[in-house]
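J.: Have a look at this one.
The values are calculated or read from the model by the stated rules, or taken from the named source; none is laboratory data. Treat the numbers as computed from the prediction; the structure is a model and nothing was measured. Quick reminder, even Gly has a Cβ in these numbers, built from the backbone with ideal geometry, and neighbours come from all protein chains shown. With ligands, DNA and RNA removed, areas are computed over all heavy atoms of the protein, side chains included. Shrake-Rupley method; radii C 1.70, N 1.55, O 1.52, S 1.80 Å.
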Amino acid sequence: MQAKSFGVLGNAAKPGAKEAANQLLMLLHAHNAGQCTLSSELAGLIESGAEYRSLDSPLKIAEVSDIIFSLGGDGTLLTAARSIIRSNPSVEL
């Protein structure tokens, strides 16, 4: 299966979050990635002209994404894992 949609969850308060989110979004678009969906928290940090949409709910991001990137710490990773499991209980993490 080729990934067509990408989700990005993150903690905007973490040092380097702004740079990491902008670099990741530019990288995804440079490689002709499909739809990119960012958490609304990260969307406020984006400076690049890359196209994306934002959603408030990590669960909704997991529902519309083939691959999820987690930018933050342990809490962000756990939020991403819980959202993935809830949206697709048969997935293996």
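J.: Could you order peptides 74-80, 35-41 by the average number of other Cβ atoms within 10 Å of their residues, highest first?
T.: 35-41, 74-80
J.: Straight-line reach from residue 14: which aspartates and glutamates have a Cα under 16 Å away, not including same-chain ones fewer than 8 places off?
T.: 41, 74
J.: Quick check on the chain: helices-only [θ] at 222 nm, where DSSP H runs of length 4 and up contribute -39,500 (n - 2.57) each and the sum goes over total residues. Nearest 500, please.
T.: After summing the helix terms and dividing by residue count, I get -12000 deg cm²/dmol.
J.: State the answer as a single residue: which of 36, 17, 83 lies farthest towards the positive end of the charge dipole of the stretch 3-93, with beta carbon charges of +1 for Lys and Arg and -1 for Asp and Glu, about the Cα centre.
T.: Towards the positive end, the residue furthest out is 83.
J.: Still on this structure, I have one more. Taking the Cα centre as origin and putting +1 on Lys and Arg beta-carbons and -1 on Asp and Glu beta-carbons, what dipole magnitude results for the chain, to the nearest 20 debye?
T.: Charge dipole of the chain: 100 debye, to the nearest 20.
J.: If packing is taken as the average count of other Cβ atoms within 10 Å, what order do 82-92, 20-30 fall into, highest mean first?
T.: 20-30, 82-92
J.: At 1.4 Å probe radius, can you tell me the per residue accessible area of the chain in Å²?
T.: Each residue of the chain exposes 61 Å² on average to a 1.4 Å probe.
J.: Report the Cα-based extents of the chain along its three principal axes, largest first, to the nearest Å.
T.: Taking the Cα atoms of the chain, the three principal extents are 36, 29, 19 Å.
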